[in-house]
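The values are calculated or read from the model by the stated rules, or taken from the named source; none is laboratory data. Worth saying up front: this structure is predicted, and the values here are computed from it rather than measured. Reconstructed Cβ throughout: ideal geometry from the backbone, glycine too, with neighbour counts over all protein chains shown. Side chains included, ligands, DNA and RNA excluded: accessible areas come from the protein's heavy atoms. Shrake-Rupley method; radii C 1.70, N 1.55, O 1.52, S 1.80 Å.
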Amino acid sequence: MPDIALLPKIAAFFGVKIDDLFSVNHEDELQRVDYILSHDGLSEQSYFYAKRTLDASLQDNPDDVRALKLYARLHLTKTNGDLLEAGRMLEKAMECSPLDEDIFDL
């Protein structure tokens, strides 16, 4: 087992993210963000993890409805006042999936 401090170097050597070394897939990442939003108090560290994960997901697929909904929830949970950004994410999610009832519940 390698020293954990070597993980960034190992990932760079193989040209992958550290999560790829552990075979964490897209759905697992989104599930983790969903859990954070549903069960954890949103600490600063949890917020930045969720934001980074969702940014990467939307960069790969800007029309990922699940990621858009999670991003809206993140903004609503963050301060319960970041409504403008949450609204933008929900608007995009509605464009991509106009019949998704979860979007309207948010």
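What to note about this one:
- Of all residues in the range 1-22, none that is over 19 Å from Thr53 (Cα atoms) has its Cβ atom under 7 Å from the Cβ atom of a residue that is of a type in the set (Phe, Trp, Tyr), 6 or more apart or on another chain.
- Test: residue in the range 34-46 that is open to solvent by less than 70 Å² (accessible area, probe 1.4 Å), modelled with pLDDT under 90 and closer than 20 Å to Met94 by Cβ: yes
- Any chance Gln59 is at pLDDT 90 or above, open to solvent by 80 Å² or more (accessible area, probe 1.4 Å) and either among the polar types (S, T, N, Q) or closer than 23 Å to Pro98 by Cα (or both): yes
- Near pairs, Cβ below 9 angstrom, 6+ apart or cross-chain, from the range 54-69 (free of Cβ contacts under 8 Å to residues at least 40 places away in the same chain and acidic (Asp, Glu)) to any residue that is outside any helix (DSSP H, G or I) and surrounded by 13 or more Cβ atoms within 10 Å (Cβ to Cβ): Asp63/Ser97
- Checking Asp19 against (1) surrounded by 12 or more Cβ atoms within 10 Å (Cβ to Cβ); (2) under 13 Å from the mean Cα position of the chain (by Cα), the condition it does not meet: (2)
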